[in-house]
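Have a look at the structure below before the remarks.
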Amino acid sequence: MVKWATVKAFLDIPVTDPDDARRRRLLNILLLYTVILTALTTLASFGLAHIGLGNPPQNPYLALLSTPIVLVGAALLYLLNRYVSGYLASILFLVLVLVSAFTDPESATSGKLLLVFPIPIVMASFLIRPAASFAMAALVSLAVSWVKVNIVDTGIDVSLIPTFFVIALVTWIAARTLESALRDLRTLNRELDQRVIERTRELARALAREQAEASKNQAILASIADGVIVFDNAGVAIAVNPAMRRLLGKSHDQIIGSSIGELMGADVSQEDQEIIHHLLNESALKHPASLKLVWGDKTLLASFASLLDAYGRRTGTVSVFHDFTREAELERLKRSFVSRVSHELRTPLNAIIGYADMLKEAVYGPLSEAQAKAVDRIGVNGRQLLNLVNDLLDQAQIEAGTLRLKIELFSPAELVRHVLEVMEVLATTKGLSISASIADDVPSRMLGDPQRLQQILINLVGNAIKFTDQGSVGIRVYLPGPGQWALEVSDTGCGIPREAQSYIFEPFRQVDGSPTRKYSGSGLGLSIVKQLTTMMGGEVLVESEVGRGSTFTVVLPILPAGLYAQEKADE
Ligand code: ADP
């Protein structure tokens, strides 16, 4: 079988001008067609004569030779068309077609066969160029007229010439239209090709950008020391970094495709699992959320943030797990050490203070003046030490979150009176006056933790006395606004510089932190005041001017009576 590709390669002429290529291909097709037609005609005339349906050809040898002659002529024209010039081959072909029409001049010019002449006219416009049809019409007119005049002697038929030219005109229009349509098509194809090339180039660039972005993200993920897992909207892990794989002791393939529930298994408490599920299912985490959790033998801080696409839609969640197992253990050890040591210190300290008091009260006999002084110092320093230990214990408990408030009904007047009783001696020893006032609208009974409120007041008044060398210390209880009450402690002491006012509430921070400082103290008092106040839902404010004094105000919410009933019921 002859393959179509072979036929196509045979017919196509490899030239760059598409019009030229089309015309030369058309000539090849016509040549092929002519050869086949000649062979079929010869065969048919012999065949029909053989079965008695027609006369055998007049000259059988010539009839038999016609096919090879046409074949050789077609081959020569083909070679001329392929290797030399399409125009030349086409002109020759058309001339041969014209000449072949006159093999029998009489019948050629006798009307019926005149129908043959439009063929070269039409062919000329498609094989050479559209306007060539006019040249061919002129040639045909000349040839037919010449034959009519000189050979068949019938005279010129004037009506034939316009007919040929009309045919030439129609053919010219048709060929031109076809050529311009083909040109448009080619332009369109070129544009389309250009567009495809540009699109492909853009796609390649976008792909390269995406790949660069992906490998950059991969590198960032790999370099993060914290564990990172990215979950899609269905809660399935789609990316994980090496730190997370190490943290969970699982391979990449074991993690990818698993849900957070499958990853946590029984290693995370039910309560924490519920919170994590909630965070992952939240339609859009407005702000990143974090959670401290125990995962197997590890203590982790898990943070969750939404992954948003360019339109702000949530496409998943990034979860970052910071392993602070070691820090948590150290923190726990520190807290248990501080509370144990504080507790262990309190027992002997209480004994020392107790014995000092008994010595002072002459339980073991009268003391000389020097002895009484020494015993006094033991008592004062012992109490100072006890205060420090108590502060440390409170701080440790607050940090551990184990300090609980005991809410009960108390009398603000009694609270203030008790603090005055305790602090009066200290103030008068320094020559300071101390006073207290309670506004009339302050309720006589309120809800709160009187023990811790007293601690707040004692710390503030203690500081006021400590940092005031002359003048006075005042306590005031009042209602600063609806639903609030306030404890205010003011003094006429040294004051606190503005820049220090922001940090004095941090543990162990003092305005003058040097070892040679004038005043004793641990730097824990205000930190405890602030933390207790925060636990009570309030805030501490400070106003101070260096050299003129300070005012500390603890503003607290007035607890509704219903809460007391609730607390009681809880107990
Ligand atoms: P300390 O044990 O040092 O008193 P605090 O936490 O109670 O620790 O106070 C922190 C620092 O704040 C003090 O060291 C002091 O510098 C400053 N300060 C606190 N209260 C007053 C006050 N009434 N007048 C001046 N300075 C104060």
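The values are calculated or read from the model by the stated rules, or taken from the named source; none is laboratory data. Just so you know, these numbers come straight off a predicted model, no measurement behind them. FYI the Cβ positions are ideal-geometry reconstructions off the backbone, even for glycines, and counts take in every protein chain you see.
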Study note, to complete from the structure: Of the listed residues (447, 393, 409), the one being in contact with a Ser or Thr (Cβ under 7 Å, 6 or more places away or on another chain), modelled with pLDDT under 95 and either more than 23 Å from residue 531 (Cβ to Cβ) or surrounded by 13 or more Cβ atoms within 10 Å (Cβ to Cβ) (or both) is 393
Review point. For the range 525-536, which residues satisfy the criterion of being more than 6 Å from the ligand (Cβ to nearest atom) and touching a residue at least 12 places away in the same chain (Cβ under 8 Å)?
Key: 528, 529, 530, 531, 532, 533, 535, 536
Practice item. Only residues that are more than 8 Å from the ligand (Cβ to nearest atom) and buried (at least 18 other Cβ atoms within 10 Å of the Cβ): list them for the range 477-506, please. Key: 477, 485, 486, 487, 488, 490, 492
Practice item. Report, by residue number, each residue of the range 221-261 that is surrounded by 13 or more Cβ atoms within 10 Å (Cβ to Cβ) and either acidic (Asp, Glu) or in contact with a Cys (Cβ under 9 Å, 6 or more places away or on another chain) (or both). Key: 226, 232
**Study point:** Selection within the range 220-239 - farther than 20 Å from residue 274 by Cβ and outside any loop (DSSP other than H, G, I, E, B)
**Key:** 220, 221, 222, 223, 227, 228, 230, 232, 238, 239
Practice item. At least 3 residues that are modelled with pLDDT under 90 and closer than 30 Å to residue 177 by Cα in each: list the helices (runs of 4 or more DSSP H) lying fully within the range 102-149 that qualify. Key: 118-127, 132-146
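Got a number for residues in the range 517-553 being part of a helix (DSSP H, G or I) and out of contact with any strand residue (DSSP E or B) (no Cβ under 7 Å at 6 or more places or on another chain)?
Final tally of qualifying residues: 8.
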Check your understanding: Of the residues 512, 440, 449, which is without any contact (Cβ under 8 Å) to a residue 24 or more places away in the chain, more than 49 Å from the chain's Cα centre (by Cα) and away from the ligand (no atom under 13 Å from the Cβ)?
Key -> 440
**Study point:** Breaking point among (1) under 24 Å from residue 489 (Cβ atoms); (2) part of a helix (DSSP H, G or I); (3) touching a Lys or Arg at 6+ places or on another chain (Cβ under 7 Å), for residue 376
**Key:** (1)
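Considering only the range 398-420, I want to know if a residue exists there that is of a type in the set (S, T, N, Q) and within 16 Å of the ligand (Cβ to nearest atom).
No, the range 398-420 has no match at all.
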Practice item. Scan the helices (runs of 4 or more DSSP H) fully inside the range 240-306 and keep the ones with 3 or more residues being under 24 Å from the mean Cα position of the chain (by Cα) and modelled with pLDDT of 90 or more. Key: 242-248, 252-255
Review point. Quick check, is residue 170 touching a residue at least 24 places away in the same chain (Cβ under 8 Å) and closer than 28 Å to residue 20 by Cα?
Key: no
